[in-house]
Amino acid sequence: MRRRLVNCRFFREWLVLGLAYAALVVVFIRVYYADDPEKAALNSIPTVKVERLKTVQRVEVDQEELEEVELPKFPPVDFNYRTAGQIVIGVENGSEWNLDDVRRGKRAKTKSSSLDLSLYPKLSLSSSRRFLPPSDVVETSALIYNRVPKCASSTIQMLLARLEIDNNFTYRTSNIYTVQRWTSDQEREFVRAFEEKWRKRQNGFILDRHFYHLNFSHYDPEMESPKWFNVVRHPIDRIVSNFYYLRHPKRWKSELPPRRWREKDFSECVLSGDPECAFDPNNPNFLVEQQLTYFCGSAAECSQVGNWAALQVAKRNVESDYVVVGDSGNLEMTVSVLEALLPRFFKGAVDVFARMANAVNDDASANGIEYRRNANPLKRPPTSEAYDVLSKNISAEIEFYEYVVQRLLKQHRLIEAKKTHT
């Protein structure tokens, strides 16, 4: 009896000590993150929703299965929609400025006109295109890099410029930054022009430009469709980066936008419901360019915040057309997978990228200065409250990013496994 009492007392003492230790750990975590909103924000990134990825990550899908997929319901875009060109941010020296003006870097001479939605492609998941194998070398003589802004595009462009010489292919980059959404007629003309240029460059051809994904086979079923690649970034970090990039003094040479807009704080912008930062999923008639828009296309639904049909279309396009979608937060892995799956263009890319990265650490190197030319010292992390609000509003964007990262990790894992078995 006495022994049982001793054991019970011993157990209670250890239980109390365990609970006390757990409480101390909780207090430490709260204190550690309390004064650092950036750490708290990073710690609150939601986990990958694997159940939504099961039907997307399969290597192949039967046509009959694919056509049975029903797109989720979402309020349609009506004729009362608004775009960035219709959001006025203020008046400076008697001139009215809108969001398109500040993103373009200068005030437009004419006001933004409404889009005729009937001229643009319709959202559709049905396609005869098959999913690309996740870790097989892809043979193609043409690549499209429809680069997403603020996603390490300057670094990738530098890499391509160097590889163009080493691997004997033609690389063309566009200086058009503000026309990403195309009508069906514009997409058809692009397909025709691209095919014409492709045929003239038998040594291999890469085109890069800011524009939304399009389906080549829709316009020319007989044409061999080019393959695509791209790089993404955590959506909140990308939105914050773009917010402060637009306000960087170096962008404004002469006419300045309203001072109130230039001095706007990102967290206040989010919490106040400002259209520039809020990304409100309850406002389907405000068409906003998102990261997944570049993979979904020019259909109006692709610019509706929180449209889960657009999310599924973006995933489907990634699986069928994009050999690699990298992560700007892990460029080393991104370049490694590009070299493994697209050796025709990216042979030696790992070594070239390593030399570029080493140049960054050399302050005397001009290459290093060029490599990090888009760094912005004005950028400030959002508060925890603003981060939480934005995370909830752009949950579809975050899921798309996490899906892409998971796909990249899977590709890298399979590639490394093949190396160990050869």
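A protection proxy built from the mean count of other Cβ atoms within 10 Å ranks the segments 181-192, 270-281, 87-98, most packed first, as 270-281, 181-192, 87-98. Ordered by the count of other Cβ atoms within 10 Å of each Cβ, fewest first, 305, 240 give 305, 240. The peptide list 200-210, 309-319, 335-345, put in order of mean Cβ contacts within 10 Å with the highest first, becomes 309-319, 335-345, 200-210.
Here segment 51-420 is treated with +1 on each Lys and Arg Cβ and -1 on each Asp and Glu Cβ, and its dipole about the Cα centre works out to around 1260 debye. Given a cut-off of 28 Å, name the pairs among 150/419; 150/227; 315/418; 250/315 whose C-alpha atoms lie farther apart than that in the structure shown. Going by Cα-Cα distance, 150/419; 250/315 fall outside the 28 Å limit. For segment 182-338, the relative contact order comes to 27 percent (Cα pairs under 8 Å, sequence separation of at least 6). Since only 118, 256, 281 are under comparison, the one whose Cα sits farthest along the positive direction of the charge dipole of segment 51-420, derived from C-beta charges on Lys, Arg, Asp and Glu, is 256.
Take the Cα of residue 96, step 7 Å toward its Cβ, do the same at residue 272, and the gap between the two points is 2.0 nm.
Between residue 114 and residue 410, full extension at 0.36 nm per residue minus the direct alpha carbon distance yields a gain of 102.3 nm.
Counting only Cβ charges, +1 for Lys and Arg and -1 for Asp and Glu, the dipole size of segment 152-193 around its Cα centre is about 40 debye. When the Cα positions of 317, 336, 293 are compared along the charge dipole of segment 222-371, 293 comes out farthest toward the positive end, with charges on each C-beta of Lys, Arg, Asp and Glu. If R0 is 25 Å, what FRET efficiency do you get for residue 166 and residue 139 from their C-beta distance, rounded to 0.05? The calculated FRET efficiency here is 0.85. Shape class of segment 210-315 from the alpha-carbon gyration tensor: prolate, with a/c at 1.5 or above and a/b greater than b/c.
Bear in mind that the values in this text are calculations on the coordinates, not laboratory data. What you see is a predicted model, and the numbers here were worked out from it, not measured in a lab. Here the Cβ is made from the backbone with ideal geometry for all residues, glycine too, and neighbour counts use every protein chain on show.
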